[in-house]
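The values are calculated or read from the model by the stated rules, or taken from the named source; none is laboratory data. Because the structure is predicted, anything quoted here is derived from the model rather than measured. FYI the Cβ positions are ideal-geometry reconstructions off the backbone, even for glycines, and counts take in every protein chain you see.
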């Protein structure tokens with residue numbers, strides 16, 4: 001669409017203001033950097049000179065002014081895009097701002113620059129089909145020097161247009177692809193993004209998958225939509241509401257609320273809680289700067305919480321048991337790799353319960369040569385245990401939304417030994433590890449679900465066998481000792497009743513402190529948490545789990 005056609009649509013309604021004053025034909029963007037306007041500085045160097053070095057405040061002022069003024073005035077997108085270092089992508093985004101997002105009016109107000117970065121606010125009007133709503137947000141741009149021309153240019157990122165845009169998403173105003181939903185918890189209490197922010201990605205995904213069948217009707221919405229089909233749209237503005245269909249989930253508002261509050265106490269933290277007897281997901285919460293649903297989609301080493309699975313495998317092999325010997329030396333070597341305990345502690349003549357409760361690495365790794373199948377060392381035994389008993393690593397969970405169900409790939413040598421203590425190539429998230437604790441508590445794997453299976457009749461994952469009753473009881477007993485007198489005792493001290501726990505610390509290359517992991521259960525609730533760089537499992541993740549368990 002050429003500029004003449006745009007002028008007819010926009011009608012001069014776009015305007016940039018500085019300090020509340022509208023732009024005229026020759027206004028200068030005073031006050032952005034504290035400089036005195038453009039000072040006669042041109043954005044374009046002379047033919048014989050390619051400027052270099054730091055940008056002046058005048059260059060930042062003029063470049064920001066020209067870009068924001070062109071954007072707000074409805075100028076030809078390809079012309080405005082020439083003021084950026086990626087004209088092709090910028091032109092597409094600027095054109096879509098009106099052609100797809102249907103923004104018909106806008107006032108853009110720059111703020112005070114910090115160096116070469118200029119914040120600004122947008123107060124816009126979105127109109128479609130007779131429906132009109134105001135829309136306000138803040139964003140920022142950064143001015144850089146062109147690599148080949150030396151010109152000051154806006155460093156193009158999709159976030160210039162809107163802070164939530166990415167390279168693979170765009171703004172669209174239309175009748176919503178799916179009707180809205182009114183998601184409720186297991187007791188009928190409404191679950192909203194405003195009250196439970198962590199549920200945002202999950203509620204979007206539930207709407208995408210079940211909205212058409214929940215009985216609602218679509219309204220007109222401004223959404224961020226992915227260029228692919230894998231990510232549900234995120235609604236930024238509702239022009240007309242439509243009618244929400246009711247969707248019952250397995251979540252528990254009380255537990256979810258506790259989870260939301262608990263993760264807020266730590267940066268980059270995630271927690272999940274499930275019902276061992278049914279697999280119902282009671283809560284999922286994240287506190288992350290990137291908004292990623294790491295609780296269900298994360299992939300990282302779970303540290304010593306993995307010893308629940310390792311212990312189950314060793315007991316099923318008949319090698320040891322809660323009261324049986326499991327020596328814990330300070331260090332142990334396997335296939336050229338040396339493993340040690342935190343702080344170098346040892347437990348001479350120790351039992352498996354003692355090794356489990358104090359999280360002794362060497363005690364578990366020492367058994368690897370004795371784990372045999374048909375008389376030969378079986379380095380794939382842990383993978384088999386994870387799949388056949390704990391339902392992990394087969395890419396077949398159907399929780400109701402997209403999730404990752406863990407990975408324990410085949411490994412040999414020192415890598416196989418590292419898996420025994422939850423390091424190396426093992427990958428889990430907190431939903432996976434909450435399920436592990438739930439399986440230990442229940443004795444049988446129940447695939448976690450966030451909406452009932454009866455909603456759509458989907459096939460749930462099943463483990464091929466349950467834990468032998470003696471092994472399940474042994475795991476519960478060892479987790480109970482850990483929660484009452486072992487490494488998890490302080491974190492679990494406030495909880496009464498029958499309880500169990502396992503701590504974990506996962507080393508990460510290049511990270512000073514390990515990730516803090518903790519899993520626990522109390523009666524018919526199991527939970528797991530991770531805090532990035534949180535240190536020992538009981539220090540950060542432990543209190544998160546305890547607060548979630550206390551809310552059930």
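Assess whether residue 308 counts as being within 28 Å of residue 461 (Cβ to Cβ) and either surrounded by 19 or more Cβ atoms within 10 Å (Cβ to Cβ) or in contact (Cβ under 8 Å) with a residue 60 or more places away in the chain (or both). So that I can check it myself, show each step before the final result.
Numbers: within 28 Å of residue 461 (Cβ to Cβ): yes; either surrounded by 19 or more Cβ atoms within 10 Å (Cβ to Cβ) or in contact (Cβ under 8 Å) with a residue 60 or more places away in the chain (or both): yes.
Judged against the criteria, residue 308 is a match.
When region 388-403 is examined, which residues are found to be surrounded by fewer than 18 Cβ atoms within 10 Å (Cβ to Cβ) and over 24 Å from the mean Cα position of the chain (by Cα)? Within region 388-403, 388 is the sole residue that qualifies.
When every residue of region 129-141 is checked against the conditions, at least one turns out to be closer than 14 Å to residue 237 by Cα and either in the same structural domain as residue 218 (by TED's automatic domain parsing) or surrounded by 17 or more Cβ atoms within 10 Å (Cβ to Cβ) (or both). Looking at region 417-440, which of its residues are surrounded by fewer than 24 Cβ atoms within 10 Å (Cβ to Cβ) and either in contact with a helix residue (DSSP H, G or I) (Cβ under 9 Å, 6 or more places away or on another chain) or under 19 Å from residue 523 (Cα atoms) (or both)? Answer for region 417-440, where residues must be surrounded by fewer than 24 Cβ atoms within 10 Å (Cβ to Cβ) and either in contact with a helix residue (DSSP H, G or I) (Cβ under 9 Å, 6 or more places away or on another chain) or under 19 Å from residue 523 (Cα atoms) (or both): 418, 423, 424, 425.
Is there a residue being out of contact with any helix residue (DSSP H, G or I) (no Cβ under 6 Å at 6 or more places or on another chain), touching a residue at least 24 places away in the same chain (Cβ under 8 Å) and in a loop (DSSP other than H, G, I, E, B) anywhere in region 497-505? Don't jump to the end; show me each part of the working.
Applying the first criterion (out of contact with any helix residue (DSSP H, G or I) (no Cβ under 6 Å at 6 or more places or on another chain)) to region 497-505 yields 497-498, 503.
When the remaining residues are screened for being touching a residue at least 24 places away in the same chain (Cβ under 8 Å), the result is 497-498, 503.
Applying the additional criterion that residues be in a loop (DSSP other than H, G, I, E, B) yields 497-498.
Looking through region 497-505, at least one residue is out of contact with any helix residue (DSSP H, G or I) (no Cβ under 6 Å at 6 or more places or on another chain), touching a residue at least 24 places away in the same chain (Cβ under 8 Å) and in a loop (DSSP other than H, G, I, E, B).
The numbered conditions (1) part of a strand (DSSP E or B); (2) closer than 20 Å to residue 71 by Cα; (3) under 26 Å from the mean Cα position of the chain (by Cα) are all true for residue 167 except (1). Within region 398-413, residues that are more than 14 Å from residue 447 (Cα to Cα) sit with their Cβ atoms under 7 Å from residues that are assigned to a strand (DSSP E or B), at 6+ positions apart or across chains, in these pairs: 407/427. Screening region 333-376 for residues that are surrounded by 12 or more Cβ atoms within 10 Å (Cβ to Cβ) and at positive phi and picking the one that is modelled with the lowest pLDDT gives 335. Here is the figure for region 342-389: residues that are in contact with a helix residue (DSSP H, G or I) (Cβ under 7 Å, 6 or more places away or on another chain), more than 25 Å from residue 518 (Cα to Cα) and assigned to a loop (DSSP other than H, G, I, E, B) total 2.
Taking the options 483, 493, 440, 489, name whichever one is under 25 Å from residue 299 (Cβ atoms) and outside the structural domain of residue 186 (by TED's automatic domain parsing).
Working: 483 fails: under 25 Å from residue 299 (Cβ atoms); 493 fails: under 25 Å from residue 299 (Cβ atoms); 489 fails: under 25 Å from residue 299 (Cβ atoms).
Answer to the selection: 440.
Looking across region 442-469, the residues that are touching a helix residue (DSSP H, G or I) at 6+ places or on another chain (Cβ under 8 Å), exposed (fewer than 13 other Cβ atoms within 10 Å of the Cβ) and within 30 Å of residue 317 (Cα to Cα) come down to 464, 465.
Can you confirm whether region 171-181 contains a residue that is in contact (Cβ under 8 Å) with a residue 24 or more places away in the chain, in a strand (DSSP E or B) and under 30 Å from residue 261 (Cβ atoms)? Show your work before the answer.
Taking region 171-181 as the starting set, the residues that turn out to be in contact (Cβ under 8 Å) with a residue 24 or more places away in the chain are 171-181.
Pick out the ones that are also in a strand (DSSP E or B) and you get 171-175, 181.
Next cut, under 30 Å from residue 261 (Cβ atoms) only: 181.
Yes: one or more hits.
Test residue 206 against the criterion of being touching a helix residue (DSSP H, G or I) at 6+ places or on another chain (Cβ under 7 Å), surrounded by 16 or more Cβ atoms within 10 Å (Cβ to Cβ) and not assigned by TED's automatic domain parsing to the domain that holds residue 98, and give yes or no. The answer is no for residue 206. Output the number of the condition that residue 246 fails; it satisfies all remaining conditions of (1) farther than 26 Å from residue 178 by Cα; (2) modelled with pLDDT of 95 or more. Here residue 246 clears every test but (1). Exactly one residue among 158, 177, 232 is over 29 Å from residue 400 (Cβ atoms) and either touching a strand residue (DSSP E or B) at 6+ places or on another chain (Cβ under 6 Å) or crowded, with 16+ Cβ neighbours inside 10 Å (or both), and that residue is 158.
With respect to the conditions (1) within 28 Å of the chain's Cα centre (by Cα); (2) free of Cβ contacts under 8 Å to residues at least 24 places away in the same chain, residue 142 falls short on a single one, namely (2).
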